[in-house]
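J.: Can you keep this structure in mind? I'll have questions shortly.
The values are calculated or read from the model by the stated rules, or taken from the named source; none is laboratory data. Just so you know, these numbers come straight off a predicted model, no measurement behind them. Heads up, the Cβs are rebuilt from the backbone with ideal geometry, glycines too, and the neighbour counts pull from every protein chain shown. To get the accessible areas, we keep the full protein, side chains included, count just its heavy atoms, and leave off ligands, DNA and RNA. Shrake-Rupley method; radii C 1.70, N 1.55, O 1.52, S 1.80 Å.
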Amino acid sequence: MLSGVRTPEGGGPLRTDESEEAAGYMETTSRVGAQAPTAEGTAPAVSAARRTVDGYLLAPFPWYGLDEAFTGQRWLMQVGATSDGAVEHGSIGHGDEPSVLAEGTLGNSDKERFAVVVTVAANPVRRTADGTGVLEATSVSSAAWLAGVGLLNFTWPGQMDHTLRDDWLDQQTETAWVLADDLEGSDWSSLSLPVDGVPTPFHYRESEYGWILAGSTKEGVHLGAYGRGMSAYGLGFSVIQDIGSYAS
């Protein structure tokens with residue numbers, strides 16, 4: 001499922017000549033949040049998985065984060081790229097660095113307040129670099145899926161038998177696919193938030209694990225976001241002027 005079988009918003013099974021290259025794309029897409037925690041339901045802190053700023057600097061599109069109204073900690077997470085190395089998306093964290101919360105501890109989210117902003121390049125359907133396959137277009141649904149799976153990365157059914165956890169993650173990831181594919185459905189509501197100071201419509205939903213939203217900007221990128229302990233209703237987004245400053 002995470003190896004290019006389909007993508008949100010209209011993806012069905014890939015043709016044989018597409019599968020290898022598209023698999024590379026979806027494999028990097030999954031880095032944002034589809035990796036299962038390890039060792040008895042725990043995972044290392046986000047800082048252990050941080051990437052350097054180098055990948056962010058390679059992106060041909062602007063990165064977004066929370067606007068200047070947010071005065072807390074900001075930190076780099078990961079970027080995702082196609083199999084030929086083109087950066088297509090990445091995440092910036094804000095607030096407390098999240099740890100994996102078991103279902104029974106989600107009610108204590110006041111102890112952990114974070115929001116992650118996912119920037120996704122708005123790309124059309126295009127051929128791969130070697131001309132052997134096709135990469136599907138990115139969309140608001142792409143941002144919604146990345147945000148949904150990102151939130152799952154910091155949620156884990158602590159009471160579940162260890163042998164069943166991979167199945168749980170697969171099931172929840174599949175649900176994120178389905179929800180991202182139906183942004184006009186009843187599971188989503190509308191929310192207007194400022195992007196570079198301009199009111200912008202977003203698709204928004206809440207779950208027992210936190211909240212997720214997705215929308216587009218005038219700068220040629222799609223935005224996804226997810227969080228816990230911080231209200232999405234008071235957020236605003238803006239272009240990061242100096243991504244290099246996040247490396248310190």
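J.: If a residue must be part of a strand (DSSP E or B) and surrounded by fewer than 24 Cβ atoms within 10 Å (Cβ to Cβ), how many such residues does region 204-222 contain? Spell out how you get there, then give the answer.
T.: Residues of region 204-222 part of a strand (DSSP E or B): 204-207, 210-216, 221-222.
Filter again for surrounded by fewer than 24 Cβ atoms within 10 Å (Cβ to Cβ), leaving 204-207, 211, 215-216, 221.
Residues in region 204-222 being part of a strand (DSSP E or B) and surrounded by fewer than 24 Cβ atoms within 10 Å (Cβ to Cβ): 8 in total.
J.: Here is a further query. Of Arg165, Arg126, Arg113, which residue is modelled with pLDDT of 90 or more, open to solvent by 10 Å² or more (accessible area, probe 1.4 Å) and over 14 Å from the mean Cα position of the chain (by Cα)? Let's see the steps before the verdict.
T.: On the way: Arg165 fails: modelled with pLDDT of 90 or more; Arg126 fails: modelled with pLDDT of 90 or more.
Every option except Arg113 fails the conditions.
J.: Return the pair list, or none, for Cβ contacts closer than 6 Å from residues in region 106-132 that are assigned to a loop (DSSP other than H, G, I, E, B) to residues that are open to solvent by less than 40 Å² (accessible area, probe 1.4 Å) and at pLDDT below 65, at least 6 apart or on different chains.
T.: Thr128/Glu21
Condition check ((1) aliphatic (A, V, I, L, M); (2) modelled with pLDDT of 95 or more; (3) within 16 Å of Ala143 (Cα to Cα)) across all residues:
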{"site": "Val53", "(1), (2), (3)": "yes, no, no"}
{"site": "Asp67", "(1), (2), (3)": "no, yes, no"}
{"site": "Gly72", "(1), (2), (3)": "no, no, no"}
{"site": "Trp75", "(1), (2), (3)": "no, no, no"}
{"site": "Gly80", "(1), (2), (3)": "no, no, yes"}
{"site": "Ser91", "(1), (2), (3)": "no, yes, yes"}
{"site": "Asp96", "(1), (2), (3)": "no, no, no"}
{"site": "Gly107", "(1), (2), (3)": "no, no, no"}
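J.: Just to be sure I understand the filter: pairs with C-beta atoms under 6 Å, separated by 6 or more residues or on different chains, first member in region 234-247 and over 16 Å from Gly215 (Cα atoms), second member open to solvent by less than 60 Å² (accessible area, probe 1.4 Å) and among the aliphatic types (A, V, I, L, M). Which pairs pass?
T.: Listed pairs, sorted by first residue: Gly244/Val53; Tyr246/Leu76; Ala247/Val53.
J.: Here's a follow-up. Pairs, please: C-beta under 8 Å, at least 6 apart or cross-chain, first residue among the small types (Gly, Ala, Ser) and in region 170-181, second outside any helix (DSSP H, G or I) and open to solvent by less than 30 Å² (accessible area, probe 1.4 Å)?
T.: Every condition considered, the pairs that remain are Ala180/Pro8; Ala180/Ala214.
J.: Provide a single number: the residues in region 185-203 that are open to solvent by less than 20 Å² (accessible area, probe 1.4 Å) and not in a strand (DSSP E or B).
T.: Looking only at that region, the number is 1.
J.: Among the residues of region 170-178, is any within 23 Å of Val221 (Cα to Cα), at pLDDT 75 or above and not in a helix (DSSP H, G or I)?
T.: The answer is no; no qualifying residue exists.
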